[in-house]
Structure formats: structure tokens, C-alpha cells
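The values are calculated or read from the model by the stated rules, or taken from the named source; none is laboratory data. The shown structure was predicted, so the numbers you read here are calculated from the model rather than taken from an experiment. When we count neighbours, we look across all protein chains shown, and the Cβ atoms used for this are built from the backbone with ideal geometry, even at glycine.
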Amino acid sequence: MAFESERDYRRAIEQTWVVRYPKQHLATFGSTNIAYYVVTEPIYRENDDAKHEGVVRTGRVRADRPTVVTPTYALNLSGFSPEAYDYFNEISRESGPNSPGVLYQYKNEAGEMDIVGGTPSEIAHKISGDLDGRQEDLAVVMVGVDELWDIALLKFIYEFTSSSVAGNVREFQSRGLLEPQIALGGVPAAAVQAIDRLFLEVRQGANPDILKRELDRWGLFDAYQDRFLGLFRQGR
């Protein structure tokens, strides 16, 4: 996403606010599907005497199941910015290569865009009331800036994730998934659980390359090498 200036970005942040938050936090052991409504004043509105209208953009943000990762694992993933990898390296130096963290991944599925009568605030509150009446717990309503409307979405994702982290971590801890496995270099128990699940899937016909990549990301191929090669000796 490109901005004409830092001022554009700051303006979008300052003029973005959430009218209605989802009634639930991000699920710890499943995916989360959130409907969103971003309401903006149309960019073509030239003066205060013009008819009040708002642009309503809808869509869904799908959050994958949160994943327990370590700096070592994150450094072996692709698709992050150079700054992100610098951050993972810094965490590795400060907390250790196998210090557990939680990775959140999202996908935006844009929907429709409509022009609706009224000011953005009026429209947003009406949508919010309708959602409350239908008891739509996983829906968010925001007011943003028309040409930078997706900033509203990014701001919401950041805030929603921040509010969910503590609860997600507690649930991981309650199941022992963050406990270091000393025999495997201290990787969290969640890694062992994920690897065991992939071994089972490969025995049932899944692609072994997926298992190999996961072992490499955790830096555990040597520890599991005999078991991995045994899949082929047994004909899976």
C-alpha cells in the first residue's frame, strides 16, 4: 500500500474509528470469520452543501487458527518483509531461538460497495443497530477515509489481535502447548503436536513434502529423520 505522504497515513489513522466491535475474541483453536462494514464520506463530495451520502464497503476478514511459533520457525517462513525478519532475529537473540510466540494470519475477502444516504456516522450507527438486532457477534463496523478505507481495516485487525492475545496465550498454556520440550532443543509442545499430526496425515496419503518443510522450519529434521525415512520403508 502506497501513500502520497506521511500526512495521508496519519490522517487516515486519526479519522478512523470503530463504531461496533465483534462480541467475541479470536478463536484459539479454530479459524475466525469476521464480517466488516467500512463507512466513509465519498471522495467526490465537494462542499458541505452537497447531499449527505456515505460509501459502505463490506467484506470478510478470515483469521486462520493462531499458530504457536518460535523465532527459528518464523525465520524459515516466506512472505514477510525484511524488517520482519530483522525483528525475528532480534527476538531470537533476546529471548532464545525457541521462545514461543503466537502467529496470526489474515485474509481479506472484499465484498460489495454501496452508496447510502446519510452521514458516515449515522449510517455506521444504523448498521450497528441492525447487527445488534440480528445478534451478529462476529461483525465490525468502522468509519474511515474514502481513498484510504483499508487503513480502517488494518487498524481494526491490529486492535482486535492485541485484545485477543492474552486469552489465546492462556488457552495454549492451559493445554501445555507452550511447554519447552527439552529433548528436542526446547521447542514448544505445540510443535511436537503439529508434527505428530502431519506424520499421521502422511501415513494416510498426504504429501510428505509438507511434513519435510515443517520439520525444517522447526529445525527438527535431524531429530525426526529416522521416523521420516521410515514412512517410505513402510510404504506409508
Is it true that V140 is in a helix (DSSP H, G or I), crowded, with 17+ Cβ neighbours inside 10 Å and of a type in the set (A, V, I, L, M, F, W, C)? no
Among the residues of segment 159-166, is there at least one that is farther than 30 Å from E112 by Cβ, out of contact with any Asp or Glu (no Cβ under 9 Å at 6 or more places or on another chain) and either not hydroxyl-bearing (S, T, Y) or not assigned by TED's automatic domain parsing to the domain that holds A124 (or both)? yes
The condition of being buried (at least 18 other Cβ atoms within 10 Å of the Cβ) and of a type in the set (G, A, S) holds, among A166, A110, A124, only for A124
Residue hits (segment 71-90; surrounded by 13 or more Cβ atoms within 10 Å (Cβ to Cβ), at pLDDT 90 or above and not in a loop (DSSP other than H, G, I, E, B)) are P71, T72, Y73, A74, L75, N89
Mind listing just one residue for me: the one in segment 190-236 that is not polar (S, T, N, Q) and not in a helix (DSSP H, G or I) and, of those, surrounded by the fewest Cβ atoms within 10 Å (Cβ to Cβ)? G235
Scan segment 180-189 for residues that are assigned to a helix (DSSP H, G or I), in contact with a helix residue (DSSP H, G or I) (Cβ under 7 Å, 6 or more places away or on another chain) and farther than 13 Å from T72 by Cβ and report the count. 0
Single match in V61, V116, V55, V38 (criterion: surrounded by 14 or more Cβ atoms within 10 Å (Cβ to Cβ) and within 30 Å of L178 (Cα to Cα)): V61
V61: within 20 Å of A191 (Cα to Cα) and not in a helix (DSSP H, G or I), yes or no? no
Lone unmet requirement of (1) in contact (Cβ under 8 Å) with a residue 40 or more places away in the chain; (2) under 30 Å from F232 (Cα atoms); (3) of a type in the set (V, I, T) for I210: (1)
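Okay, residues lined up against (1) assigned to a loop (DSSP other than H, G, I, E, B); (2) modelled with pLDDT under 90; (3) in the same structural domain as A139 (by TED's automatic domain parsing); (4) touching a Lys or Arg at 6+ places or on another chain (Cβ under 9 Å):
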| position | (1), (2), (3), (4) |
| --- | --- |
| V18 | no, no, yes, yes |
| H25 | yes, no, yes, no |
| Y37 | no, no, yes, yes |
| R45 | yes, yes, yes, yes |
Tell me the residue from E147, E112, E159, E90 that is without any contact (Cβ under 8 Å) to a residue 60 or more places away in the chain and within 27 Å of E14 (Cα to Cα), please. E112
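Each row is one residue, and each column tells you yes or no for (1) over 15 Å from F221 (Cβ atoms); (2) at pLDDT 95 or above; (3) within 19 Å of the chain's Cα centre (by Cα).
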| position | (1), (2), (3) |
| --- | --- |
| S162 | yes, no, yes |
| G167 | yes, yes, yes |
| Q173 | yes, yes, no |
| L178 | yes, yes, no |
| P188 | yes, yes, no |
| R197 | yes, yes, no |
| E201 | yes, yes, no |
Before we move on, is I151 touching a Gly at 6+ places or on another chain (Cβ under 8 Å) and modelled with pLDDT under 95? yes
